[in-house]
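See below for the structure under consideration.
The values are calculated or read from the model by the stated rules, or taken from the named source; none is laboratory data. Model, not experiment: these values are computed from the prediction. Note that we place each Cβ from the backbone using ideal geometry, even for glycine, and neighbour counts take in every protein chain shown.
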Amino acid sequence: MKIFTNGIYSLVIIGIFLTISIQARAYSTVKKIYISIEGKGAIESTEARTISGTVYSNEDNLPLPGVSVVIKGTSTGTATDGEGNFTLEIPDEPTTLVLSFIGYVTRELVINNESQIEVRMDADVASMDEVVVVGYGSMRKGDVTSSVGGVKEEDFVKGAVRDAAQLIQGKVAGLRVTTPSGDPGASTQINLRGINSIHGSSQPLILIDGIPGDMNTVAPEDIESIDVLKDGSAAAIYGTRATGGVIIITTRQYRENRNTVSYNNYVSIQTIARRPQLLTGDDYRRLIREEGIPYTDYGHNTDWLGEMLQTPVSHNHNLTLFGGNSTTNFTGSVNYRDWDGIFLRTGQQRLTLRADLNHSMYNDKLRANIQIINRIFTANRGGADGYAYRQAMIRNPTDRVRDDQQNWQERDGYFYENPISRIYEYNSESRFKEMRISGSLIYNPLDNLDLKLLVSSVQNDTLVGNATTFDHTNTWLNNQNGTASRSTIARVENLMEMTANYHKSFGRHILSVLGGYSWQDATNESFYASNWNFPTDLYGWNNLGAGAALQTGQAGMGSGKDKWQLAGFFGRFTYNYDDRYLFMSSIRREGSSRFGVNYQWGTFPAASVGWRISNEPFLKGNSNIQDIKLRAGYGVTGTIANSPYLSQISYNFNRDQGAFIGGNWVQGFIPARNFNPDLRWERKMEYNFGLDFSFFKDRVSGSFDIYRRDINDLLYSFPVPVPPYLINTMMLNAGSMQNDGAEVLLNITPIEQREFVWRVNLTYSTNKNKLVDLSNDQFEVSNQFFNAGGTGEPIQDYTHRVEVGGPIGRFFVWHTVGVSESGEWLIESQNGETIPISEAVQEDRQFYGNGIPKHILGINNTFIYKNFDLELNIRGAFGHDILNFQRMFYENPYNTAYNMLNTAYDPVYGQRLSTDLAYVSHYIESGDYIKLDNVTFGYTLPRLRFMQHARIYASGLNLLILTNYKGIDPEGVYISGFAPGNDERDKYPTTRTFTLGLNVTF
Amino acid sequence: MLIISGISLPSCLDLTEEVFSEVVAENFQPGERDIPSIIAPVYGSLRALMMGWQGHFDVQEESADIIITPSRPNGWYDGGTYLRMHQHNWTPIQWQPTNLWQSSYRSITTANRVISQIEDGEIPIEAGRDEVIAELKAVRAFAYYLLLDNHGNVPIVTDFRDVSLPLQRTRAELSDFILSELETVLPFLSKDASSTYGQLNYWGAMTLMAKIYLNAEVYTGTAQWDRVIDVCDEIINEGGYALEPMYADIFHWDNANSVETIFAIPYDEIFGTGNTVHMKTLDPLSRFVYNMQAGPWGGNCAVPQFINSYDEEDGRLQDTWIMGPQYHANTGEMVINYTREVPGMAATASNNGYRIGKYQIKQGATGSLDNDFPFFRYADVLMMKAEALLRTGRATEAAILVTQVRERAFVNSNPAKAVVTAETLIGGSRYKYGYQNIDGSIEVDQSGDVPFGGFLDELGWEFAAEAHRRQDIIRFGVFQTKSWFNHRPHPQANTRIIFPIPEGEINSNPNLAQNPGY
């Protein structure tokens, strides 16, 4: 049967390759024209005369080579050379020259008697003609019938950008990018259109030049554009990987006559924003003296947080070269980034190399590309983690870092350690190396037919070592005499894709057909070993065998390997009638090894339609309306389980489940899980309705989208009864969820003058989420809710509840209404009475606030005045709440063993608290904010002979925030998963960054 | 390219999952040598359950009158979970009884699975097939006994293949089921104690029957004292077990194969981890006393009223509790002084309360003790028989057995005190029941003497910190009627003698009705 189906699919795919149709240039762009002449020169009075000139790009003041210069109405013409110069014989009478170049607005110049001219060409910003990248290809923006968003290089966020996602932060409606951690090695957090999976990932599929990767695969400086496929009709062609959306990153490539070398450099410093204010040593002494609070006074004054912080200097260098010609060319770049963190010993270095080679043969019938991206991330770090941060927060400020003998001043206490000793007595080194090699061949057997083969192999290895010295807690507290471990992970991911793409137009009909096949497999292997009880701490992790814990049976070791495969067939058909009626449909048939045999294959269809009202006769020709398009789309995508083997009937030997049998210790032979061979993917069905518009010569443009997402067959670790099942959860397809939302994108150019331009980009999105159902055919009744999130100790409570019929993200908590005279929380009971917390029961908990913002806003301003440019990016999120762990743990004066915020003694509801730490609604605050995130001020230097372009800039990130939230950063909060809005206590605080940068191009 | 594609396609459609780090069932042919591993998980679940985090030990002790977990400067409020255990305010989401349910059924389901695999021939056993199945059924009965004692009305599942939602049974039905299962398997169980340490042999199964008969009145409403005596007599006369001369040796880190132990849950700091009783009880500073390779957590301790009930010369006081000043193993400096007093469930200092020292801690101990946990031991059999005698009017005979158990406790201090009289056993308890105020004063309970209170005291002193206490004080009515420390009788005390069915189970199996009172 399997061979048979395989055979069928082979036939289908070959069929798609052979289904060749006809098509003509669908995308000839009609250029808009306007003229400005800066003529100079003398009159000559011969019948024919010579005119010469230079053509510059208005965008970057660089000369434009390859521009076609033609006498209007004739075929006489030339093209500009490498310096942008041209010379042309023209009749000695007023003549009109047509200058055209792809990507630029075509210009017509009337030449009277000038012999030397300088022409500036504007980049073609006609928004409807821009090309946007869609799945397995690109489309003219005007033809797109799905919800897609894109940002080009010139509109990227500038400054010390963490990764590719931060380049488009706040610029794509519905895509929320936040930076929850200030750690130099941490990634941004991305969410598109809400939470769409319980157990699978809500992360988008990220493609770098068509190959799956992540936001750090290439350096931000190496990116030309980022496109986002938002709705199901756009993303469905990527099947089971696409529920979280698809982000397509296109790297910078050689363009015609772009023979340049450019160097970018920036240096940045960081500071902690809104640093928490704790009691000082002097505060302790005052409280002991004045109020008799039983603090221990060690007689010193130590700012523990200050001791672990630094003002880090980071730098970044990027060198990119483009060279060659239209048949053979290359792009090469080297990116080196050395970022340090605000915590001591938390730096990370990244070296990313990229080489891209293109060659075309047989009159452009065959084009080949080879790209290699190599990256190496290295970090040598100490022990400045979230836990050390917690220790700095709670440590007695009258204590000192080192004692009189210069040893670390340690004290006894439960989870109470000197944070600075942790930082210096723990060492780690991690090295991540990745090599991605990809190659593609594109063959044009016919004019309108492209056949493409893309193959890639991504191989990466991670090697980690860490060790603690004899002065670390592991030894002074736990007598371990030094600990060390080593671990390594190797990963190989292969991809092969074949696509065939045709277009044809006849009369008013334009159609295109795409067909393809894709194969992906990935193998992960890992190994680790740990040991302790070393004779010396000088070995670090480099002589693991020297530890004695191996001999006593206490050392650790492990290894593992897993693999998955994914195969897909896909096709897409688009049809355009008269540029007015647009239709697109696509389908993907995809199979995954990660599911049960009965459910290995699934189908993911999509369809969308568009109506370009602006091209209807009654609007066409209206010079103030460039585009009005209505869109509607529907598409199905899937989410795959995170880990392979969930459907396998398999066992493990396990020591924890072993026992003493027949006089020996034996390992237990246990099922790996409750077996479920029927596991399949989640299905998301999405409807999207949209409107694109562009008015007043594109000075006002944008789009509006509303969507509904129904996610069925949610993968969920479902509670099952014990008995009859072995363990009380089982991975099942159970339940459904819904997301509704709307998005607005608005691009306005309020001022566009020769010397002064002001552009505004505005994004808004809103999302409403609901868990519709949590049930499964197998079980008659299900849990109507599940709890999520945790406070950690000593409170040890869950924070959120997700209940059927309600949205994700709601806090579930005792609602505080006051504080009793004895300093105890008063809460509202289930009957609405006020009771002390000591009498509260679980049933008194209620929903209170939600951690997911209802409204998200981005406002990006660009000002250009002569050579100066200024960018102001503002973001905001509204209608959400944050559980402020910082206050929950540190704003309570009850436990004098630990330090606290200097507001801890302030009255709450008129009383001073005298009660244990507790999770109550008092610590859930409004998280609304407006943030002035990025201000960049740049100056483009006047042109120099040897330098095509030079710009210097200064930039600040996270500069100003307007909020009532009392924690460090209302945006620096994890919003994914089921406990969104928990502003955790053990964090790496987000930072404020100031950057100075330089871009030069030779 | 098309040709190449056509050729490579079939191989690029193979979605067979390759498994590397798990044993796929269809590739695994178990033989005789795998049988211990196949049986092991039936017992393996018990290790984490008995002496692990929020397990059986805590369920039996924190709900009773000997051990409390008060909140301390370093935490231990934990959402009020220990306070609820102490004051019997647990709900269907209380972790501790839920853990017990999950773990017991894990053993049961594993036993069902292995039994069905053996019966279907998937696991080929030639010699001793009936014996292996009998042992599995005995352990399954043991797991059901835990549920019988703690949750009462629970489903009985014996067929692994049947995944239909099981029906609830009454506590009495469950009791009958366990007893009949045990009767059936007894002839196939080994009587050789020396080769079955850590496994449930004939004598372990007999002791289990005695336990069920001992509590029969609680479980079914009908007392079975004569049965207790009969079963205990067989163990006493034929089992070959004896009292350890030294009480402390029963709980020593090298206590494997003790002559007193009938059924042990073996622990090992390398191969069989999970005994963390010392971690929960010791203050972090005690690590210096034992040169520990772990920092303990500092939580539970003894109820002062219970400590006050001991005879000062009873060796079991010292053998069960860690008290007073503790000294650094290397320097000899005092590191902490454990006081008898505990002000309350809140407002306790880190050194308040005597700590559990019964499971002796060796120098260099890790976070997991080597000491095996004796679930059934010979003294228990003697005391069960004594209680049955006492309750059937044979107090003098009972006193002789109790005296026999007491002898080693006074052998080094005052041997004369070992002797106990029938009057003492029948009379009231020395435990000064009543609510304890923060200053240590007791609002003395006025509800009268505990019937056979003197015998209950003996059970307390002998079996303190052995996860016995909840069951014992339920049988003596103390659990339902008395105040101790910060506990007052629950308004619905009679419903608290079994725990609620865990909420998750009620939600996922509609055949289950919640126990009364919850």
### Task
Look through B:Gly504, B:Gly434, B:Gly477 and report the one residue that is in contact (Cβ under 8 Å) with a residue 40 or more places away in the chain and within 26 Å of B:Met50 (Cα to Cα).
B:Gly504
#### Entry: Residue satisfying condition, being crowded, with 18+ Cβ neighbours inside 10 Å, polar (S, T, N, Q) and within 37 Å of the chain's Cα centre (by Cα), within set A:Asn867, A:Asn860
A:Asn860
### Query
Considering segment B:461-485 alone, what residues qualify as being among the acidic types (Asp, Glu) and part of a helix (DSSP H, G or I)?
B:Glu462, B:Asp472
### Task
Could you please find all residues in segment B:264-285 being more than 7 Å from chain A (Cβ to nearest Cβ), more than 17 Å from B:Ile67 (Cβ to Cβ) and not β-branched (Val, Ile, Thr)?
B:Ala264, B:Tyr267, B:Glu269, B:Gly274
### Query
In segment A:717-736, is there at least one residue being more than 14 Å from chain B (Cβ to nearest Cβ), in contact (Cβ under 8 Å) with a residue 24 or more places away in the chain and surrounded by fewer than 18 Cβ atoms within 10 Å (Cβ to Cβ)?
no
### Output for segment A:442-462, where each listed residue is β-branched (Val, Ile, Thr) and within 12 Å of chain B (Cβ to nearest Cβ)
A:Ile442, A:Val455
### Task
Please work out which one of (1) farther than 30 Å from A:Gly621 by Cβ; (2) over 33 Å from the mean Cα position of the chain (by Cα) is the condition A:Phe696 fails and give its number.
(1)
## Note on the structure
Residue hits (segment B:361-401; of a type in the set (Ser, Thr, Tyr), within 24 Å of the chain's Cα centre (by Cα) and part of a helix (DSSP H, G or I)) are B:Tyr378
## Note on the structure
Of (1) within 12 Å of chain B (Cβ to nearest Cβ); (2) part of a strand (DSSP E or B); (3) among the acidic types (Asp, Glu), A:Glu793 fails just (2)
## Note on the structure
Looking across segment A:798-840 at residues that are part of a helix (DSSP H, G or I) and not aliphatic (A, V, I, L, M), the single one that is farthest from the other protein chains (Cβ to nearest Cβ) is A:Glu839
### Task
Among residues belonging to segment A:579-626 that are assigned to a strand (DSSP E or B) and among the β-branched types (Val, Ile, Thr), point out the one that is farthest from A:Val144 (Cα to Cα).
A:Thr603
## Note on the structure
Selection from segment A:415-436 of residues among the aromatic types (Phe, Trp, Tyr) and crowded, with 22+ Cβ neighbours inside 10 Å yields A:Tyr426
### Message
Take B:Arg408 and tell me if it is out of contact with any helix residue (DSSP H, G or I) (no Cβ under 8 Å at 6 or more places or on another chain), among the basic types (Lys, Arg), over 19 Å from B:Ile66 (Cβ atoms) and at pLDDT 95 or above.
### Response
no
#### Entry: Scan of segment A:385-439 for residues that are at pLDDT below 95 and more than 24 Å from B:Leu285 (Cα to Cα), ordered by number
A:Asp385, A:Gly386
### Task
Could you list, in sequence order, all residues of segment B:370-386 that are out of contact with any helix residue (DSSP H, G or I) (no Cβ under 6 Å at 6 or more places or on another chain) and more than 14 Å from every other protein chain (Cβ to nearest Cβ)?
B:Arg377, B:Tyr378, B:Asp380, B:Met383
### Summary
Listed by range, strands (runs of 3 or more DSSP E) wholly within segment A:874-950 having at least 3 residues that are crowded, with 18+ Cβ neighbours inside 10 Å are A:881-884, A:929-940
### Task
Run A:Thr791 past the list (1) farther than 30 Å from A:Tyr387 by Cβ; (2) surrounded by 16 or more Cβ atoms within 10 Å (Cβ to Cβ); (3) polar (S, T, N, Q); (4) modelled with pLDDT under 90 and report the number of the one that doesn't hold.
(1)
### Query
Scanning for something small (Gly, Ala, Ser), away from every other protein chain (no Cβ under 11 Å) and either within 31 Å of the chain's Cα centre (by Cα) or surrounded by 22 or more Cβ atoms within 10 Å (Cβ to Cβ) (or both), does segment A:545-559 turn up at least one residue?
yes
### Task
Pick out, from segment A:709-767, the strands (runs of 3 or more DSSP E) lying fully within it that include 2 or more residues that are farther than 28 Å from B:Leu167 by Cα and polar (S, T, N, Q).
A:736-752
### Task
Say whether the condition of being touching a Gly at 6+ places or on another chain (Cβ under 9 Å), hydrophobic (A, V, I, L, M, F, W, C), assigned to a helix (DSSP H, G or I) and at pLDDT 95 or above is met by at least one residue in segment B:134-141.
yes
### Query
Looking at (1) within 14 Å of chain B (Cβ to nearest Cβ); (2) at pLDDT 95 or above, can you tell me which one A:Arg655 breaks?
(2)
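Per-residue answers, yes or no, for (1) more than 14 Å from chain A (Cβ to nearest Cβ); (2) in contact (Cβ under 8 Å) with a residue 24 or more places away in the chain; (3) touching a Lys or Arg at 6+ places or on another chain (Cβ under 7 Å); (4) not aliphatic (A, V, I, L, M):
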site	(1), (2), (3), (4)
B:Ser103	no, yes, no, yes
B:Thr109	no, yes, no, yes
B:Asp120	yes, no, no, yes
B:Ile123	no, yes, no, no
B:Ile133	yes, yes, no, no
B:Lys137	yes, yes, no, yes
B:Tyr144	no, yes, no, yes
B:Asn150	yes, yes, no, yes
### Task
Only residues that are modelled with pLDDT under 85 and not hydroxyl-bearing (Ser, Thr, Tyr): list them for segment A:769-786, please.
A:Leu774, A:Asn776, A:Asp777, A:Gln778, A:Phe779, A:Glu780, A:Val781, A:Asn783, A:Gln784, A:Phe785, A:Phe786
### Task
Could you run through segment A:526-542 and say how many residues are more than 37 Å from the chain's Cα centre (by Cα) and either of a type in the set (D, E, K, R) or loosely packed, with under 14 Cβ neighbours inside 10 Å (or both)?
4
### Task
Starting from residues that are part of a loop (DSSP other than H, G, I, E, B) and modelled with pLDDT of 90 or more, keep the ones in segment B:76-101 and report whichever is nearest to the other protein chains (Cβ to nearest Cβ).
B:Asn89
#### Entry: Residue among B:Pro10, B:Pro41, B:Pro36, B:Pro73 that is surrounded by 17 or more Cβ atoms within 10 Å (Cβ to Cβ) and either of a type in the set (Phe, Trp, Tyr) or at pLDDT below 90 (or both)
B:Pro73
### Message
If a residue counts only when it is in contact (Cβ under 8 Å) with a residue 60 or more places away in the chain and closer than 26 Å to B:Tyr77 by Cβ, which helices (runs of 4 or more DSSP H) contained entirely in segment B:282-335 have at least 2 such residues?
### Response
B:304-309
### Query
Of all residues in segment B:336-349, which are buried (at least 19 other Cβ atoms within 10 Å of the Cβ) and either of a type outside the set (Val, Ile, Thr) or at pLDDT 95 or above (or both)?
B:Ile336, B:Tyr338, B:Val342, B:Met345
### Message
When you check A:Asn427 against the structure, is it within 14 Å of another protein chain (Cβ to nearest Cβ) and not in a helix (DSSP H, G or I), yes or no?
### Response
no
